[in-house]
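In what follows, a structure is listed as structure tokens, so that the remarks can point back to it.
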Amino acid sequence: MSVPLINVWRGTIVESIHRGDLVVVDADDKIIYSLGNPQKITYFRSSAKAIQALNVVKSGAYDKYKLTERELSLICSSHYAEEFHLQTVQSILDKIGLHKNNILGGIVASLNPEIALRQAASGHIIDERYSDCSGKQAGMLAVCQTKGYSLNNYLDPNHPCQQEILEDISTFCQIAKEEIIIGIDGCSAPVHALPLINMAIGFRNLSNPEKLACEDKAAANLVYKSMVTYPEMISGTAGFCSQLIKYSNGKLIGKVGAEGVYTIGIKERNIGIALKIESGSMTVIPPVIMRTLRELDILSKQELDDLQKYMEMDSLNDNGRLVGKIVTAY
């Protein structure tokens, strides 16, 4: 059963409680820490993007189109559609000879409400590049261009690009393809459901791929390097993913997924972490992650100080007034 992970205080009472499940695995796939059910089956959602990006390297698209680490980091992202994100999506499209209309993920505003409001007020015309999944989909299109795959159905689960991604998820997460449940994500790409422990193993392998085949190892090392070198691409200004990667100084990569999923790969300690908030809230994720990293003694005192605001988060009302706290419940 899921267990209480977060209390949301308003004034002097707990107004809401968020339950969830968390698992930490070591280099030998052993569970070294868990809360709730480590075998909980849920969708990987956008936490899988860093593994999905491996195919951009393995297909030869990264080399063929002279993509940069900055562009590869964006392919791993759930970005905020800031100007530097939009320019990077466009750069990938220009290199592979395609147009924003080739992205079939839909048109949505920035994930960050403040950025979305500013862009609306300044008259931005929202297009396919603004989707937080546009980097991932540009990467899929790069693979299709490299291998001569069809562009008009590249999101079909049976499309060869998606089958290659499924193979990578199977390999890195150490689970048979047949055991992975396929659904449709918000951006219409296939989304993969598997146990939390396998997600943790996947990010452990992504960050520490020494036991994998040479091709997988090289791709994983490049993806990891791109994310820690350009963390601002992963979410954006003041985004938790970007801040966590930046202030952990190359020790780890972290990636959020919709409906309360979070995964981390820790290079220094050969550890993987996976979290699912049962309510689907993404707002309450940071305190759980920060407490886990603190209890595992992953971060230095300076790194913890730099990320202190995520240990216990302020709850603000519409006027920016402090009305409560978001804190761990265990």
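The values are calculated or read from the model by the stated rules, or taken from the named source; none is laboratory data. Small disclaimer: the values here were computed from a predicted structure and weren't measured. Neighbour counts run over all protein chains shown; Cβ positions are idealised from the backbone, glycine included. The accessibility values were calculated without ligands, DNA or RNA, using every heavy atom of the protein model including side chains. Shrake-Rupley method; radii C 1.70, N 1.55, O 1.52, S 1.80 Å.
Which one is least open to solvent (accessible area, probe 1.4 Å) among residues in the stretch 79-107 that are hydroxyl-bearing (Ser, Thr, Tyr) and part of a helix (DSSP H, G or I)? Before you say what the answer is, go through the steps one by one.
Step one: list which residues in the stretch 79-107 are hydroxyl-bearing (Ser, Thr, Tyr), which gives 80, 88, 91.
Applying the additional criterion that residues be part of a helix (DSSP H, G or I) yields 88, 91.
Numbers: 88: 6, 91: 36 Å².
Only one residue tops the list, namely 88.
Taking the stretch 123-180 on its own, how many of its residues are acidic (Asp, Glu), over 17 Å from residue 76 (Cβ atoms) and assigned to a helix (DSSP H, G or I)? Steps first, please.
Just the residues of the stretch 123-180 that are acidic (Asp, Glu), to begin with: 127-128, 132, 156, 164, 167-168, 178-179.
Restricting the remaining residues to those that are over 17 Å from residue 76 (Cβ atoms) gives 127-128, 156, 167, 178-179.
If we keep only those that are assigned to a helix (DSSP H, G or I) too, we end up with 128, 167, 178-179.
The number of residues fulfilling the criteria is 4.
Suppose we filter 263, 283 for residues that are surrounded by fewer than 23 Cβ atoms within 10 Å (Cβ to Cβ), closer than 22 Å to residue 19 by Cβ and of a type in the set (S, T, N, Q); which single one remains? Spell out how you get there, then give the answer.
Values: 263 fails: surrounded by fewer than 23 Cβ atoms within 10 Å (Cβ to Cβ).
Exactly one of 263, 283 is surrounded by fewer than 23 Cβ atoms within 10 Å (Cβ to Cβ), closer than 22 Å to residue 19 by Cβ and of a type in the set (S, T, N, Q), namely 283.
Selection within the stretch 266-280: residues that are touching a residue at least 60 places away in the same chain (Cβ under 8 Å) and among the small types (Gly, Ala, Ser). The member of this set that is most open to solvent (accessible area, probe 1.4 Å) is 279.
I'd like to check something: does the stretch 237-251 contain any residue that is open to solvent by 20 Å² or more (accessible area, probe 1.4 Å), of a type in the set (Lys, Arg) and under 17 Å from residue 293 (Cα atoms)?
Looking through the stretch 237-251, at least one residue is open to solvent by 20 Å² or more (accessible area, probe 1.4 Å), of a type in the set (Lys, Arg) and under 17 Å from residue 293 (Cα atoms).
Only one of the numbered conditions (1) surrounded by 15 or more Cβ atoms within 10 Å (Cβ to Cβ); (2) within 22 Å of the chain's Cα centre (by Cα) is not met by residue 39, and that is (1).
I'd like the full set of residues that are of a type outside the set (D, E, K, R) and open to solvent by 30 Å² or more (accessible area, probe 1.4 Å), limited to the stretch 8-17. Working first, answer last.
From the stretch 8-17, those of a type outside the set (D, E, K, R) are 8-9, 11-14, 16-17; that's our starting set.
Within the stretch 8-17, 9, 11, 12, 13, 14, 16, 17 meet the criteria.
For the subset of the stretch 164-215 comprising residues that are small (Gly, Ala, Ser) and without any contact (Cβ under 8 Å) to a residue 60 or more places away in the chain, which member is least open to solvent (accessible area, probe 1.4 Å)? The qualifying residue least open to solvent (accessible area, probe 1.4 Å) is 170.
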